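Notes follow the structure.
The values are calculated or read from the model by the stated rules, or taken from the named source; none is laboratory data. This structure is a prediction, so every number in the text was calculated from the model and none was measured. We place every Cβ from the backbone using ideal geometry, glycine too, and count neighbours over all the protein chains shown. Surface areas here come from the heavy atoms of the whole protein model, side chains and all, with no ligands, DNA or RNA. Shrake-Rupley method; radii C 1.70, N 1.55, O 1.52, S 1.80 Å.
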Amino acid sequence: MIGSGFIAKAHSNAFRQVGHFFNSPYELGMRVICGRNQIRLEAAAEQWGWAETATDWQTAVARPDIDVVDIAVPNALHAPIAIAAAQAGKIVLCEKPLATSLAEAETMAQAMRDVPSLVWFNYRRIPAVVFAKRLIAEGRIGQTYHYRALYLNQSGNDPSKSNTWRYKRSEAGMGAAGDLLSHSIDSALYLNGPITELTAMAHTFAQGRDVDDATLLLVRFVNGSIGTFEATRYGVGCRNRKTFEINGSKGMLRFNLEEMNQLEFLDATEPPNRQGMRNLTVTGPDHPYSENFWKPGHIIGYEHTFIATLGDFLGTLDRQNPSNVDLDDAVAVQKVLDAVERSAASGSWVKL
């Protein structure tokens, strides 16, 4: 694994826990953790059980005893590491967003086509979100009219974070759009299908900062529905509020990450005097991943989304015929982000 920060902890935990919850044919050997800060590396290795540390990622990637390279570093480093790993024949796991630009993402995708790969859009594996997908597929909300999405947090309002890599275009590529909006776009493409066109507005609150602090957009989907998105690091009062709401001809769905075990559902086909919002606790029975985790009614947390992501990947891993579904989905998100940047710069609608 290359990286030792916050997201590296989430990945490390998934590597250690996946075998406890999923019947994987593979046993993961946590061989080496790589980064720039030796003291931090040693602490991470001791805490999570990495066998070795290294400060030269090129050498680590080229090692013959390494089968999988996990990328948990600033966005600007995703491409060179992923391309080098793929060229060395390694399985590539990459944190989202895939890249800092569409051109970079497409170059990465071309290099990664012949190896198994995973992009960590972990919120797709929240049981309530997967269950929402099932209800949509069953026709329970009918024709979709509206898709609304928010991703609000307040990290940008913290002066101590102003000099970290997420707030620098040279390291992150984008600000709130790449960090937060990318998750909301991925959820929308997963639940509601492709976007045909959009118009966006980006805004930066902090003087001198070269990435967006907030991005808003209007979109049209292939299925005829329309959507609104808002992502901001200045949503004061919201720690990590990622939501979606879908209104259809037969019903409505609503989800909030801060209450991730809950899914709100309204069945509009019931008689008007019996219509009302149901707050479903999506922890089983007969719910996604309920056989993998705890008994019905016993809630799961943020860390389980990474465990499920890895568990699904390992369950379908085939080195002779690798699937590029996650990679294709990540490139699709990058295409939307590219359109967002172009629209925000021009102030016009952009077709995808």
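The rows are residues; the columns are (1) at pLDDT 95 or above; (2) surrounded by 21 or more Cβ atoms within 10 Å (Cβ to Cβ); (3) touching a His at 6+ places or on another chain (Cβ under 9 Å); (4) over 25 Å from ALA99 (Cβ atoms).
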{"residue": "ILE136", "(1), (2), (3), (4)": "yes, no, no, yes"}
{"residue": "THR164", "(1), (2), (3), (4)": "no, no, no, no"}
{"residue": "ASP179", "(1), (2), (3), (4)": "yes, yes, no, no"}
{"residue": "SER182", "(1), (2), (3), (4)": "yes, yes, no, no"}
{"residue": "THR196", "(1), (2), (3), (4)": "yes, no, no, no"}
All positions within segment 198-239 that are open to solvent by 30 Å² or more (accessible area, probe 1.4 Å) and either basic (Lys, Arg) or free of Cβ contacts under 8 Å to residues at least 40 places away in the same chain (or both): HIS203, THR204, GLN207, GLY208, ARG209, LEU216, LEU218, ARG220, VAL222, ARG239
Go through the residues of segment 303-326 one by one and say whether even a single one is of a type in the set (Gly, Ala, Ser) and either within 16 Å of PHE131 (Cβ to Cβ) or without any contact (Cβ under 8 Å) to a residue 40 or more places away in the chain (or both). yes
Spot the failing condition for TYR145; the list is (1) of a type outside the set (A, V, I, L, M); (2) in a helix (DSSP H, G or I); (3) open to solvent by 60 Å² or more (accessible area, probe 1.4 Å), and only one is missed. (2)
What is the residue count in segment 316-338 for residues that are part of a helix (DSSP H, G or I) and open to solvent by 60 Å² or more (accessible area, probe 1.4 Å)? 4
Please go through (1) outside any helix (DSSP H, G or I); (2) modelled with pLDDT of 95 or more; (3) open to solvent by less than 50 Å² (accessible area, probe 1.4 Å) for PRO64 and return the number of the only condition it doesn't satisfy. (3)
State all residues of segment 80-139 that are without any contact (Cβ under 8 Å) to a residue 60 or more places away in the chain, closer than 30 Å to ASP56 by Cβ and of a type in the set (A, V, I, L, M); if no residue qualifies, say none. ALA82, ILE83, ALA84, ALA85, ALA86, ALA88, VAL92, ALA103, MET108, ALA111
Please go through segment 99-123 and pick out each residue that is over 17 Å from the mean Cα position of the chain (by Cα) and assigned to a loop (DSSP other than H, G, I, E, B). ARG113, ASP114, VAL115, PRO116
Can you name the residue in segment 250-287 that is touching a Pro at 6+ places or on another chain (Cβ under 6 Å) and under 27 Å from CYS238 (Cα atoms) and is also surrounded by the most Cβ atoms within 10 Å (Cβ to Cβ) among such residues? VAL282
